[in-house]
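Any read-out appearing in this document is the output of simple, stated calculations on the displayed coordinates, not a laboratory observation. Since this is a predicted model, take the numbers as computed values, not measurements. Cβ atoms come from the backbone with ideal geometry, glycine included; neighbour counts cover every protein chain shown.
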């Protein structure tokens, strides 16, 4: 019969006290307390070596774990985390597989535990999120079906100049097409940046943006000169609902990483800030594995568009049944063009 579970420590103390009184033999005491002589001698030995504290139960954990992570592996994990402070366990695991595939690698949860134990994890505040609406947005399964564009929140460089980063990404591959520190957010500057992107990468089918300028206006259909230019190139503008940035969530998630790695603290000048953006873009596209891509990099998934930028814009053609009007800049009508006769 074992020790009484509710007061095992007290029973052991009484057992040792009576043993030291020399009034009872070990065999007799063991019979009285319902334990074997082997157990009795074990507690006697512990009491003689460590006193009362030694009578407490010891941990059952093994002294040496056969699957323990080596110190070498821990150092590799911490070194990678130091190089990429914003990378999580899954991305670090991918790099370990690429660089040290011959070693015995820990699981992803163990990598996370190592990062946490060493004080390198940053707890994030949970946000309440609504279910995103997929209508009337186009589906995105291949590169260049949808490009996402937005201005990252502005900030000032060390010399006091305002920076408005304009970013363009491919929704399917997460590939960053542009991350430009804009000194001007005028329509002409933005259009020049898009034109350079179209010439380099080709044309997408859709461009998804928010409702800010120069992407949207209060005019008919919310069109601006920029979005009308896109339409003339065969690109359909998509605008998310006001106050619902999660509808462009892939692009917004990239913005969070961009802010963490390039804007805290900002660079000393606009040119230095652009160099920081360029380094980030290269790392994001070529080095940083992405979970939604099966831990592949965006550059390994993205392909150039088969729709090249035209040397000349195609002429706008209207159906014969439409009423055409020529307008002044101030929206004053000059002439009416009635539909052609069907005779």
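Quick one: compute a quarter of the convex hull surface over the Cα atoms of region 71-117 and quote it in nm².
On the way: hull surface 11.6 nm².
Result: 2.9 nm².
In region 149-303, what percentage of the DSSP-assigned beta bridges are antiparallel, given to the nearest 5? Each step should come with its number before you reach the end.
Working: 12 of 16 bridges.
Within region 149-303, antiparallel bridges account for around 75 percent of the total.
Arranged by the count of other C-beta atoms within 10 angstrom, fewest first, what order do 23, 290 take?
Placing the least packed residue first, the sequence is 23, 290.
Using the 10 angstrom Cβ neighbour count as an exposure proxy, how do 194, 304, 24, 151 rank, fewest first? Present the calculation step by step, with values, prior to reporting the outcome.
Working: 194 22, 304 11, 24 14, 151 19.
Neighbour counts put them in this order, fewest first: 304, 24, 151, 194.
With the Cα gyration tensor of region 154-284 giving a ≥ b ≥ c as the square roots of its eigenvalues, does the rule (a/c under 1.5 for rounded; else a/b larger than b/c for prolate; else oblate) give rounded, prolate or oblate?
Prolate, since a/c reaches 1.5 and a/b exceeds b/c.
For a footprinting-style exposure proxy, rank 71, 48, 18 by other Cβ within 10 Å, fewest first.
Taking fewest neighbouring Cβ atoms as first place, the list is 71, 48, 18.
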